[in-house]
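I have placed the structure first, in the form of structure tokens, so that the comments after it can refer back to it.
The values are calculated or read from the model by the stated rules, or taken from the named source; none is laboratory data. A quick note: this is a predicted structure, and the numbers were derived from the prediction, not measured. We place every Cβ from the backbone using ideal geometry, glycine too, and count neighbours over all the protein chains shown.
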Amino acid sequence: MKKHAPFTLSALAAGSLVLAGCGGGTAGPGAAVAEAASIDACEPSEVSLTVTFGQQAEEAMEVAVAKLREDYPGVEVSAVASPTSSYDDLTQTIVADIAVGKRPDLIMAGLGQLRFWVDTYDPAPIDVDALPDTYQRQFLPAGTIDGTVYLAPAQISAPVLMVNQDALEAAGAGAAADISDYDAWMAAAEKVTAHTGKPSVSIPTLGLADWFAQAFVQGAGGTFVAPDGSAGFADERGIDALSIWTRMHEAGLELGVVDDQDAWGQFMSGNVPFLVSTTSVVAMLQDAIGDSFQWLPIDLPTVEGVQGPLPAGGNGWIVLSDDACHAAFANELVGNLLSEEGVLAASGEGFSYIPVDTAAAEKLLASPSATPQLTYAWTYDYELTPWGGFDGDVTAQINDSFRTMAQQLQTGADPEATVSGAAATVDSILGQ
């Protein structure tokens, strides 16, 4: 397995690619997406697929393309990994390419951007029957809108709490595994801070503020997006859930770091023992920490220890072909990407994504690489929901409003006024 430098945040929870070849035609927003033909009715030598994806799927793409070419001699595939793993950068590149007539047949998209792609480009439904039998279909809801699967989840992550167990033991703060609710988390953090004289918690508020907010609300059994599409997080439970930033600040426990990568650095150096992050950084943290201290990821603590479904992070595949045969081969390529071999390449020790294939998961867990930390990521099987859910046309503005809310709470703002104000802003953006 190749080693990788740390990724940008939107990729890990969460690139530009110049497309080549002759895939897709000149369709733009609102253009009809082709229904996939029967692949047996298509001539492979007449198909040239274009694929746009981030570098985190490079190994899986190599496996999938080789299999497609082996099964269908003559098919052409232009698929070169983007130099970045940022979903935002990737989206901007794809949108720009489509605007000048370079519509790709298959794209990688961050799960938080699914609504944008569905609302703006009307992608083709994924051919679920083309997925391998060992694909874990429990993850399909993360790529589903209004009952239709538009995205095949590939590299999945979930919000978690990273804990420096050595720091807890030194402070007499108990075991990380015993922390399940806010009160227990704060009690342990208070003991660590009393022992070290420094803040002990980091809940960063820049790259994944909306994701963490959704996780806190839904994890507590609350509603993030109301049935009518409006903000549903400003009720009593939602405010209580989101008050964790303010509560930590008022107790002198929150480090106040905004940037996620800075927060990783604080945890890796042993400076902050509690870090809210994502399962997909487990491998990177493990690589950096080594034997410096004992640590582990645990389930994200919630209000009263309730374990509601959390939002899925990561990415998946969306078919945008406006040619029926291209769509057929794009779906076939998706099946290869989500095969045992593809998932082993995509979710192994280099990335620590939750495996979406049962056979791949079994092999990973039986390997020498299955440390306790990676085992947590590779066996994560809680129910996950789609990330976000608000109108996709205004995703960027809504995410900005969550970032502002989280940063205000992180500096001690009143939870009721701040959360209610954020909900009002979201509804105003949505035209509610």
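Going residue by residue through segment 169-182, is there one that turns out to be within 26 Å of the chain's Cα centre (by Cα) and in a loop (DSSP other than H, G, I, E, B)?
Looking for residues that are within 26 Å of the chain's Cα centre (by Cα) and in a loop (DSSP other than H, G, I, E, B), one finds at least one in segment 169-182, hence yes.
Residue check: is Phe233 modelled with pLDDT of 95 or more, part of a loop (DSSP other than H, G, I, E, B), buried (at least 21 other Cβ atoms within 10 Å of the Cβ) and under 22 Å from the mean Cα position of the chain (by Cα)? Outline the logic, then answer.
Working: modelled with pLDDT of 95 or more: yes; part of a loop (DSSP other than H, G, I, E, B): yes; buried (at least 21 other Cβ atoms within 10 Å of the Cβ): yes; under 22 Å from the mean Cα position of the chain (by Cα): yes.
The answer is yes for Phe233.
For segment 194-203, indicate whether the set of residues that are surrounded by fewer than 24 Cβ atoms within 10 Å (Cβ to Cβ) and under 19 Å from Glu304 (Cα atoms) is non-empty. Don't jump to the end; show me each part of the working.
Filtering segment 194-203 down to residues surrounded by fewer than 24 Cβ atoms within 10 Å (Cβ to Cβ) leaves 194-199.
When the remaining residues are screened for being under 19 Å from Glu304 (Cα atoms), the result is none.
So far as segment 194-203 goes, no, none of its residues is surrounded by fewer than 24 Cβ atoms within 10 Å (Cβ to Cβ) and under 19 Å from Glu304 (Cα atoms).
Determine, yes or no, whether Phe329 is modelled with pLDDT of 95 or more and buried (at least 24 other Cβ atoms within 10 Å of the Cβ). Give the derivation first.
Details: modelled with pLDDT of 95 or more: yes; buried (at least 24 other Cβ atoms within 10 Å of the Cβ): yes.
Taking the combined requirement at face value, the residue satisfies it.
Got at least one residue in segment 323-332 being in the same structural domain as Ser85 (by TED's automatic domain parsing) and not in a helix (DSSP H, G or I)?
Restricting attention to segment 323-332, the residues satisfying the condition of being in the same structural domain as Ser85 (by TED's automatic domain parsing) are 323-332.
Now restrict to residues that are not in a helix (DSSP H, G or I): 323.
Yes, segment 323-332 contains a residue that is in the same structural domain as Ser85 (by TED's automatic domain parsing) and not in a helix (DSSP H, G or I).
Before we move on, is Ser292 assigned by TED's automatic domain parsing to the domain that holds Ala34 and assigned to a loop (DSSP other than H, G, I, E, B)?
Values: assigned by TED's automatic domain parsing to the domain that holds Ala34: no; assigned to a loop (DSSP other than H, G, I, E, B): yes.
No, not satisfied.
Let's see how each residue does on (1) at pLDDT 95 or above; (2) crowded, with 17+ Cβ neighbours inside 10 Å; (3) in the same structural domain as Pro204 (by TED's automatic domain parsing):
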{"site": "Val394", "(1), (2), (3)": "no, yes, yes"}
{"site": "Met405", "(1), (2), (3)": "yes, yes, yes"}
{"site": "Leu409", "(1), (2), (3)": "yes, yes, yes"}
{"site": "Asp414", "(1), (2), (3)": "yes, no, yes"}
{"site": "Ala422", "(1), (2), (3)": "yes, yes, yes"}
{"site": "Thr425", "(1), (2), (3)": "yes, yes, yes"}
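Taking the options Ala60, Ala66, name whichever one is among the small types (Gly, Ala, Ser), assigned to a helix (DSSP H, G or I) and in contact with a Gly (Cβ under 7 Å, 6 or more places away or on another chain).
Details: Ala66 fails: in contact with a Gly (Cβ under 7 Å, 6 or more places away or on another chain).
On inspection, the qualifying residue turns out to be Ala60.
Of the conditions (1) among the charged types (D, E, K, R); (2) within 23 Å of the chain's Cα centre (by Cα); (3) closer than 26 Å to Ile239 by Cβ, Asp393 fails just one. Which one is it?
(3)
Go through segment 77-99 and give me each residue that's in a loop (DSSP other than H, G, I, E, B) and under 20 Å from Ser48 (Cα atoms).
Step one: filter segment 77-99 for residues in a loop (DSSP other than H, G, I, E, B), giving 79-86.
Residues satisfying the conditions are Ala79, Val80, Ala81, Ser82.
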